[in-house]
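Below you'll find the structure, written out as C-alpha cells, and then a few comments.
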Amino acid sequence: MTAVPERRRVRVAARRQVATDVVALDLAPVDGEPLPDWEPGAHVDLEVAPGTERQYSLVTTTPEGHWRIAVLREPDGRGGSRAVHEGLAVGAEVVVAGPRNHFGFDPTRPAVFVAGGIGITPLVAMIDAGERAGTPWELHYAGRSRSRMAFVDELVAAHPDRVVVAAADEHPRLNVIGLLAEPRDAVVYCCGPRGLMDAVEAAAAHWPTGSVRVERFEPAADVDAPGEPFEVELAVTGVTVTVPADRTLLEVAEEAGAFVLSSCREGTCGTCETPVLEGAVEHRDTVLSPEEQADDRTMMVCVSRARRGCPRLVLEL
C-alpha cells in the first residue's frame with residue numbers, strides 16, 4: 001500500500017519571475033522543522049485552494065533549506081496555476097503533501113535530458129545531481145521563445161557546451177527523431193507538453209527497454225474513454241463491489257468503506273497507487289512506466305479499470 005504522504009504547512013519565503021508567465025516560489029516550513037530531503041524528479045502536491053491540489057516538481061532546495069518550485073500560468077487550465085500566480089504572495093501559507101517521486105534519476109548512467117517549456121523544472125534537479133556525481137549529460141531545451149523558458153540563461157551560462165536551446169522563434173524546432181535515431185548507452189529523461197513526450201517515446205521506441213523516462217502531470221488521452229462493468233474484491237476491507245461502466249473504482253471503493261489515499265483523481269499524481277493481487281488492468285494513468293503497467297502489480301484506482309475480458313480484480317484495499 002502506498003505510504004501516507006506527509007502533509008505540512010509552508011509559507012512563501014520568496015517569489016520571483018523566472019520567465020514570462022512563470023513564477024518561482026521558495027517554500028519554508030511554518031513550524032521551523034527542516035523540510036525533508038528528496039531525490040531529483042520528486043514533486044509535491046500543493047493545495048492551491050481548499051480541496052484542490054496540483055502537482056509541482058521540486059527544482060532545488062535553497063541554501064536556507066527551502067523548497068523551490070516553478071509554476072507556469074496557464075490561462076486555459078483548470079485554475080490551479082491562476083490561484084498560485086494571483087494568490088500566493090510572499091508570506092502566504094499553504095499546505096503541501098509529499099515529496100513523492102515517480103521520475104527517478106540514475107546518476108550511474110549517461111543522461112539525455114529533453115525539456116519542453118515548464119518541463120525543465122524536474123530536470124534542473126537532475127542536472128545538479130548529475131554534475132555532483134560526474135554523470136555525462138546533455139540537455140535539449142525547447143520552448144516558444146527564450147523569454148518563456150525558465151532558468152534558460154542560468155543553464156546556458158553554467159553549461160554552455162551541454163545545453164542546446166531550441167527556441168521556436170530563433171531556430172527550427174527540436175528534431176527529436178534525429179536526436180534519438182541511434183540508440184545509446186544512456187537514459188532519456190523527458191518532461192514537457194504531451195506532444196513532446198509522445199514524440200520522444202515514439203522516436204526512442206527502438207532503444208532498449210527502460211531507456212526512456214517521462215514525467216506527465218496531465219491526464220492520459222483515454223482517461224474518460226467508455227469502460228465496462230467489472231467486479232473488485234477489496235481484500236483488506238473484506239467486501240466485493242461492482243464498478244459500473246460510468247463510475248471509477250475509487251468512487252465505488254470509497255463508498256464501500258475502503259481507506260484510499262487520493263489527490264488528483266486524474267491518474268497523474270500517484271497518490272492512489274494500489275497493489276493488484278489478481279487480475280489484468282487497463283491502465284489509464286500517466287505515472288507508471290510502460291514496463292510497470294505491463295507487470296500489473298499496482299494500479300491507480302482513480303482512473304484505471306479491469307482490462308476488457310477480465311471480469312474481476314483483487315486489490316489490497
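The values are calculated or read from the model by the stated rules, or taken from the named source; none is laboratory data. Quantities reported herein were computed from a predicted structural model and do not represent experimental measurements. Using ideal geometry, Cβ is built from the backbone for each residue, glycine included, and neighbour counts are taken over all protein chains shown. These area figures cover heavy atoms from the full protein model, side chains too; ligands, DNA and RNA do not enter into them. Shrake-Rupley method; radii C 1.70, N 1.55, O 1.52, S 1.80 Å.
Here is how the number arises for the chain: DSSP H runs of 4 or more residues each give -39500 (n - 2.57), the sum is divided by the residue count, and the result at 222 nm is -4500 deg cm²/dmol.
Apply 1/(1 + (r/R0)^6) to the Cβ-Cβ distance of THR52 and ASP161, taking R0 = 35 Å, and write down the FRET efficiency to the nearest 0.05. Efficiency at R0 = 35 Å is approximately 0.25. Residues of the range 205-227 with an amide N closer than 19 Å to a point placed 7 Å from the Cα of ALA245 along the Cα-to-Cβ direction: 222-227.
Taking 0.36 nm per residue of sequence separation and subtracting the Cα-Cα distance, how much length would be gained by fully extending the chain between GLU316 and ALA221, in nm to one decimal?
Additional length available on full extension: 31.5 nm.
Note on VAL95 and GLN17: with the Förster distance fixed at 22 Å, the Cβ-Cβ geometry gives a FRET efficiency of about 0.35. In the range 171-265, inverting the average of 1/r over every pair of distinct C-alpha atoms gives 16.8 Å as the Kirkwood radius. Modelled this way, with points 7 Å down the Cα-to-C-beta line, the labels at ILE177 and GLU74 are 2.8 nm from one another.
Over all directions, how big on average is the projection of the convex hull of the alpha-carbon atoms in the chain, in square nanometres? Could you put the intermediate results ahead of the total?
Values: hull surface 67.6 nm².
The orientation-averaged projected area of the Cα hull of the chain comes to 16.9 nm².
Taking all protein chains as they are arranged and a probe of 1.4 Å, the heavy atoms of ILE177 leave approximately 130 Å² accessible to solvent. Beta-bridge orientation, the chain: approximately 65 percent antiparallel, per DSSP, counting only bridges with both partners inside. Compared with the direct C-alpha span, the chain from ARG146 to GLU228 gains 24.9 nm at full extension, assuming 0.36 nm per residue. Extending 7 Å from Cα along the Cβ direction at GLU291 and again at VAL236 yields two label points whose distance is 2.7 nm.
The spacing between the range 281-308 and the range 114-180, judged by their C-alpha centroids, is 31 Å.
Roll a 1.4 angstrom probe over the protein heavy atoms and tell me the percent of accessible area of the chain that is carbon or sulfur. Whole-percent figure for carbon plus sulfur exposure: 49. Take the chain with all the other protein chains still there, run a 1.4 Å probe, and you get 46 Å² of accessible area per residue.
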